[in-house]
Amino acid sequence: VPHEEVDIPLYFGWFLLAAVQEKIRCTSMDFLKTLDTLDAFKKHLIDFTGKPDKEVDLEQYYKSKGSLHCTTKFCNHGTVEGSKDYAQNTAVQKAYGSVSELSLTALFVTPRTVGARVSLTEEQLPLWPADAEKEAESVVPAAASLPRGSRAHVTLGCAEGVEPVQTGFDLLQILALQKDGQQGEPLEMELGSLMYYSEGRWMLTLREPMSAPACFSSFYA
Ligand code: 2AM
């Protein structure tokens with residue numbers, strides 16, 4: 001294997017600093033705890049359980065793996081299309097190792113994943129691959145028509161047997177439904193407004209976005 005290919009990581013992304021990871025995990029646990037007790041959520045429990053009247057403990061439902069981050073480019077050590085170009089991109093090389101503030105603007109859950117939506121700034125967008133949304137088209141057909149950066153998120157947990165790549169697909173699906181309009185009334189909560197998007201999809205748009213300092217870097221191994 002040529003040396004340059006060995007150097008391409010598993011993925012690039014923003015890695016949240018340790019202190020803020022703790023805070024976000026707490027906020028998301030609080031959200032899951034609250035969601036679990038809402039009548040509106042209980043009414044749609046079957047989305048999660050497949051059976052009527054079966055209980056679900058959302059705090060136990062998702063498993064979280066590793067440290068919190070927002071993937072920009074999944075490279076799989078160079079086997080993914082465009083990884084080498086991304087790794088060599090000037091903006092990527094210039095930003096590598098720098099810390100910036102990620103703005104977490106919503107929390108979402110589905111029967112598969114729980115995550116936080118990241119709203120990228122003008123300065124952060126150049127690090128977002130131009131085809132990230134289009135890449136998801138086979139899973140979420142409307143994805144390509146969503147604005148660049150729509151897929152940006154932090155995976156907070158996955159249900160048993162679900163891979164983290166699913167979190168971005170779940171987010172795109174919710175955003176596509178949001179764009180279509182015709183939802184019900186949001187439920188106003190302390191943290192923000194909660195909307196149901198059918199089939200177990202819920203999104204809490206935060207009243208105050210959470211600011212998370214994160215280091216743009218990569219993950220090997
Ligand atoms: P995530 O960004 O939703 O958490 C290692 O698997 C990391 O790369 C995870 O963080 C994962 O999802 C992300 N990832 C895995 N496969 C991917 C893919 N095909 N496209 C984009 N991101 C992927």
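Just so you know, all these numbers are worked out from the coordinates, no wet-lab data involved. Since this is a predicted model, take the numbers as computed values, not measurements. Neighbour counts are summed over all protein chains in view; Cβ atoms, including those assigned to glycine, are modelled from backbone coordinates with ideal geometry.
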Seminar exercise, completed: Short to long, in 10 Å steps from zero, the percent of alpha-carbon pairs of the range 1-157 per bin is 9, 32, 32, 19, 6, 1
Exercise. Count the lysine pairs in the range 1-69 that are 8 or more places apart or on different chains: how many have C-alpha atoms under 21 angstrom apart?
Worked result: 14
For this session: Could you state the angle between the C-alpha long axis of helix 18-37 and the longest principal axis of the C-alpha atoms of the chain, as a value from 0 to 90 degrees rounded to the nearest 10?
Result: 30
Seminar exercise, completed: Once amide hydrogens are built 1.01 Å from N within the peptide plane, the residues lying 5 or more places from Ala106 or on another chain with amide H under 5 Å from its amide H are Arg117, Leu206
Seminar exercise, completed: Relative to the chain, whose Cα atoms define the longest principal axis, helix 165-180 and its Cα axis are tilted in degrees, nearest 10, by 60
Seminar exercise, completed: Taking placed amide H atoms and a strict 5 Å upper bound, the residues 5 or more places from Gly157 or on another chain that come that close are Val114
Exercise. Among the GluC sites (Glu not before Pro) within the range 1-83, which fall in a DSSP loop and have no more than 14 other Cβ atoms within 10 Å of their own Cβ?
Worked result: Glu55, Glu81
For this session: Find the centroid of the Cα atoms in the range 174-205 and in the range 92-140, then give the distance between the two in whole Å.
Result: 20
